[in-house]
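S.K.: Sending over a structure as structure tokens; questions will come in a sec.
The values are calculated or read from the model by the stated rules, or taken from the named source; none is laboratory data. Predicted, not measured: the structure shown is a model, and the values here were computed from it. Heads up, the Cβs are rebuilt from the backbone with ideal geometry, glycines too, and the neighbour counts pull from every protein chain shown. Areas reflect the complete protein model, heavy atoms only, side chains present, ligands, DNA and RNA absent. Shrake-Rupley method; radii C 1.70, N 1.55, O 1.52, S 1.80 Å.
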Amino acid sequence: MTGRCVRVAILGAESSGKSTLAAALAERYGSVWVPEYLREFVETQGRVPVASDQYGIARMQLERENAAAAQARQFLFCDTTPLMTAVYSRHYFHGVDAPLAALADDYHYGLTLVTAPDSPWVADGLQRESEAVRQLIYRLLLEELDARGIAYHVLHDSLDARLAQAAPLLQQALVAAPAIPLN
């Protein structure tokens, strides 16, 4: 038996609605989503990451993504990817180490959605810095996606509007996805 499953990268700057969108999409499509590991890292460590943490954070994100793939139905919604970790690493640490760069280069998503920073910025403990940084990271992300030739779709406005904007993109991605064996 074969089926299709699209890995959907949901990228964006801090406080732009990535997690909310990922959870809502998973609920709407009866599938699963992979929460951003960075949030857990900050909560459990009680600090923001340093440069030497970046690779481990990205690796754990991928490990959780790969584990969730077994439960995914048609779509696996990924709240961030190693590429986003690399964007933040360039901003905060002025570079990306080779292992993190390799993870970011292995971009294997069938659809990339970017959440526009058009909702009010909300502070979130240690994890969020400011509206100015949010706007800067958004611009750096778009530049990175363009430089890599990764097609992406920016979703705007309310959650309902974003869900409506995503629906035809998800259907197109599902049709284009290769068939995979199902167990």
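S.K.: Cut-off 10 angstrom, C-alpha nodes, Gaussian network model of the chain. Which of V32, V96, V122 fluctuates the most?
M.R.: Fluctuation is largest for V122.
S.K.: Extending each Cα 7 Å along its Cβ direction at D97 and Q165, get the distance between those two points in nm, one decimal.
M.R.: The two pseudo-label positions are separated by 3.6 nm.
S.K.: Return, ordered by residue number, the residues of the range 106-124 whose backbone nitrogen is under 19 Å from a label point located 7 Å along Cα→Cβ of S158.
M.R.: Only 115-121 fall inside the zone, counting backbone N under 19 Å.
S.K.: Which distance in Å, rounded to a whole number, links the C-alpha centroids of the range 140-157 and the range 54-70?
M.R.: 22 Å
S.K.: Residue separation times 0.36 nm, minus the C-alpha to C-alpha distance between Q45 and R4: what's the value? Don't skip to the end; give the middle numbers.
M.R.: Working: separation 41, 0.36 × 41 = 14.76 nm, distance 3.74 nm.
In short, 11.0 nm is gained.
S.K.: Leaving out ligands, DNA and RNA, and with a 1.4 Å probe, what % of the accessible surface on the range 1-136 is carbon or sulfur?
M.R.: The C+S portion of the solvent-accessible surface of the range 1-136 is 53 percent.
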